[in-house]
1. Restricting attention to segment 116-134, which residues are surrounded by 13 or more Cβ atoms within 10 Å (Cβ to Cβ) and without any contact (Cβ under 8 Å) to a residue 24 or more places away in the chain?
2. What strands (runs of 3 or more DSSP E) completely inside segment 136-225 contain at least 3 residues that are surrounded by 15 or more Cβ atoms within 10 Å (Cβ to Cβ) and acidic (Asp, Glu)?
3. With Val53, Val78 as the choices, which residue is in the same structural domain as Gln300 (by TED's automatic domain parsing) and modelled with pLDDT of 95 or more?
4. Determine which member of the set Ala245, Ala255 is surrounded by fewer than 20 Cβ atoms within 10 Å (Cβ to Cβ), under 26 Å from Ala224 (Cα atoms) and hydrophobic (A, V, I, L, M, F, W, C).
5. Testing Ala276 on (1) among the small types (Gly, Ala, Ser); (2) buried (at least 17 other Cβ atoms within 10 Å of the Cβ); (3) in the same structural domain as Val238 (by TED's automatic domain parsing), one condition comes back false. Which one is that?
6. If Lys65 passes every condition in (1) assigned to a loop (DSSP other than H, G, I, E, B); (2) crowded, with 17+ Cβ neighbours inside 10 Å; (3) not hydroxyl-bearing (Ser, Thr, Tyr) but one, which one does it miss?
7. Let me confirm something: among Gln295, Gln300, which residue is touching a Phe, Trp or Tyr at 6+ places or on another chain (Cβ under 7 Å), part of a helix (DSSP H, G or I) and assigned by TED's automatic domain parsing to the domain that holds Ala22?
8. Please state which one of Pro270, Pro227, Pro264 is in contact with a strand residue (DSSP E or B) (Cβ under 6 Å, 6 or more places away or on another chain) and touching a residue at least 12 places away in the same chain (Cβ under 8 Å).
Amino acid sequence: MLSIVFLDRDTLPPETRLRAPAVAHELTSHARTTPEQVAARIADADVVITNKVRLTADALAGASKLKLVAVSATGTDVVDLAACKAAGVTVSNIRDYARHTVPEHTFALILALRRSLVAYRQSVLDGRWEAAAQFCYFDFPISDLAGSTLGIVGGGVLGQAVAKIAAGFGMRVVFAARKGEAAARSGYVGFDEVMRTADVITLHCPLTDATRNLIGAREFGLMARRPILINTGRGGLVDEAALVAALDAGQIAGAGFDVLTREPPGPEHPLRKIAARPNVIVTPHVAWASAEAIQGLADQLIDNIEAFCRGEPRNVVA
């Protein structure tokens, strides 16, 4: 009998169907798990499912039966991969499930900021239209996407899908080479050049030691066209204090962020403090969360467990 423990079932909506794996098993689901509870809850598990609960080397050390960590997300930075490898524990993740929902959310943020939709909506609610005494007013900037340059950082499935949408709007699309790369690969433009020439910059790369604070004070200083910056990738790709400073200094025209370094952020978080500004949109890490995408994720999660049990592990990261 396979013992499966889901550490944070509430990270999937209650209406999402999580089918039973086609193997003899006992599933224990916890709504959420604190760091102090992890070790005890995984101690007798054969399979652990986690989305955002961290699995540290210390917690894993006591899980002698553990064979598989099934991450119910694409990012695996919550798992100590080295400790899993040393213990012979397989780690799998979810892939390509968000190829529509994240790009669509990305463009929702782009359009809202380029056309000041949030600011205009709030002004109507505040009575500004009546006060204007004419059919329209021009309190906030509006810019077309057609003819503008979109700089994409991350050329994977999501970055390519964003590029496809951008082409439909008549945007010029450039993919940024890796930061610090001496010569850009074919099809890519130098990282600094993208920072200098893009009207919109959107991030679709994983969070690693190499990409942490990828965009900071130096990069904001390069942004000659005062772009809007979109992050539906990972919290930590952008130095958030530098972002606020760049907005204050007018180095960028706006920011649309779905991911933060701390989630939930708390009232003292730099972006939480500025979230009401008309040129800032912060959404609560829901770019991935269309009903269709989440159900696809849940199905793939069980597919991963079943494949492992057949001796055919898939989506293996460690």
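1. If the condition is that a residue be surrounded by 13 or more Cβ atoms within 10 Å (Cβ to Cβ) and without any contact (Cβ under 8 Å) to a residue 24 or more places away in the chain, then Leu117, Tyr120, Ser123, Arg128, Trp129, Ala132 are the ones that fit.
2. none
3. Selected residue: Val53, the only one of Val53, Val78 that is in the same structural domain as Gln300 (by TED's automatic domain parsing) and modelled with pLDDT of 95 or more.
4. From the options Ala245, Ala255, the qualifying one is Ala245.
5. (2)
6. So the condition that Lys65 fails would be (2).
7. Going through Gln295, Gln300 in turn, the sole match is Gln300.
8. It is Pro227.
The values are calculated or read from the model by the stated rules, or taken from the named source; none is laboratory data. As the structure is a computational prediction, the values presented were derived from the model and not from experiment. Reconstructed Cβ throughout: ideal geometry from the backbone, glycine too, with neighbour counts over all protein chains shown.
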